[in-house]
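For reference, the structure is listed below as structure tokens.
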Amino acid sequence: MPLGSAVHAEVDSQWSWFWWEEVSDGLYLIRERFFEPSKRANIWLLQGSQRDLVIDTGLGLMSLPRFLSSAGLIGTKPVMAVVTHIHFDHSGGLHHFDRAAVHRAEASALMRGDNFETATWLSDWDIKRRPQRSWRAKNYRVKAVQPARILDDGDIINLGNRQLTVLHMPGHSRGSICLHDKENRILFSGDVVYDGSMIDWLPSSNISDYIQTCKHLMTLVDNNLVIKVLPGHFDTFDAERLYSLASNYIANVGVCHKILSCAARCIASLALWFKNYSKRVDH
Ligand SMILES: [Zn+2]
Ligand SMILES: [Zn+2]
């Protein structure tokens, strides 16, 4: 499937929060225009013949399904939103959708709105234009969501003319998944791998799991099962880059890396615990 021809548009001022482009036929990239570019997640919309799939949902400061509908990107077909993992930059908008899907390992945290496990960490400086005048980052929380579907490794998400296979790829977080379009050899990789350094120091990160995940990614390339990666942040990349990102992680994960990562995880966990504990006291 050819990828690349790009068209982007603002629908109207109310929905100018979102920016979008058509990546290829039936595949769209959406971004939150006013969220700090180094932090905002990619949102992917895949239109199927029977149903449409939204992969990751952004912060949720504006209604993504209402935007998609007003932009004519979704219509009468059923829509499901799946999160590649529950970190706040991916799962914050999930509560706007009627049907949500998440990997089993993170389902209970999502259902109880656990903002420690969602690693919720947003500052006023991250948002260039507030959604409402009264909006403050300190009050931002990921809302609890009851998933309509709980995913396991090997599950198929059937859109009619497209099938996506769920690949459980823990390491960045316990329930991280990639979605593999085998026919088109496309991998939606979430935060498992993007063109930047891999984050293995958040509360539910695990270095041993991440090494196994990187080996799995390299196997996908070795078997010529991926030609394009559509990641959770930044730009798309090819199989060669995927292989080098995965192999570099394994090559660099020595004792020194493990000690630094462990220290960072302790600091991040404490900071997240205090941030979320103080919010519970405030409200
Ligand atoms: Zn993440
Ligand atoms: Zn992310």
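The values are calculated or read from the model by the stated rules, or taken from the named source; none is laboratory data. Given the structure is predicted, the values throughout are model-derived calculations rather than measurements. Using ideal geometry, Cβ is built from the backbone for each residue, glycine included, and neighbour counts are taken over all protein chains shown. Ligands, DNA and RNA are stripped out before the accessible areas are found, and what is left, the full protein with its side chains, is counted by its heavy atoms. Shrake-Rupley method; radii C 1.70, N 1.55, O 1.52, S 1.80 Å.
The figures follow:
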quantity: Any hit, segment 267-282, residues being surrounded by 15 or more Cβ atoms within 10 Å (Cβ to Cβ), under 30 Å from Lys143 (Cα atoms) and touching a Ser or Thr at 6+ places or on another chain (Cβ under 6 Å); calculated: no
quantity: Tally, over segment 38-68, of residues that are touching a strand residue (DSSP E or B) at 6+ places or on another chain (Cβ under 9 Å) and within 16 Å of ligand 1 (Cβ to nearest atom); calculated: 10
quantity: Answer residue from segment 103-135, given it is in contact with a His (Cβ under 8 Å, 6 or more places away or on another chain) and closer than 27 Å to Gln163 by Cβ and is nearest to ligand 1 (Cβ to nearest atom) among those; calculated: Glu106
quantity: Residues (small (Gly, Ala, Ser) and part of a helix (DSSP H, G or I)) located in segment 239-272; calculated: Ala239, Ser244, Ala246, Ser247, Ala251, Ser261, Ala263, Ala264, Ala268, Ser269, Ala271
quantity: Boolean, Asp195 is closer than 19 Å to Met80 by Cβ, open to solvent by 20 Å² or more (accessible area, probe 1.4 Å) and under 18 Å from the mean Cα position of the chain (by Cα); calculated: no
quantity: Subset tally (residues that are in contact with an Asp or Glu (Cβ under 8 Å, 6 or more places away or on another chain), within 21 Å of Met218 (Cβ to Cβ) and either hydroxyl-bearing (Ser, Thr, Tyr) or part of a loop (DSSP other than H, G, I, E, B) (or both)) for segment 160-185; calculated: 6
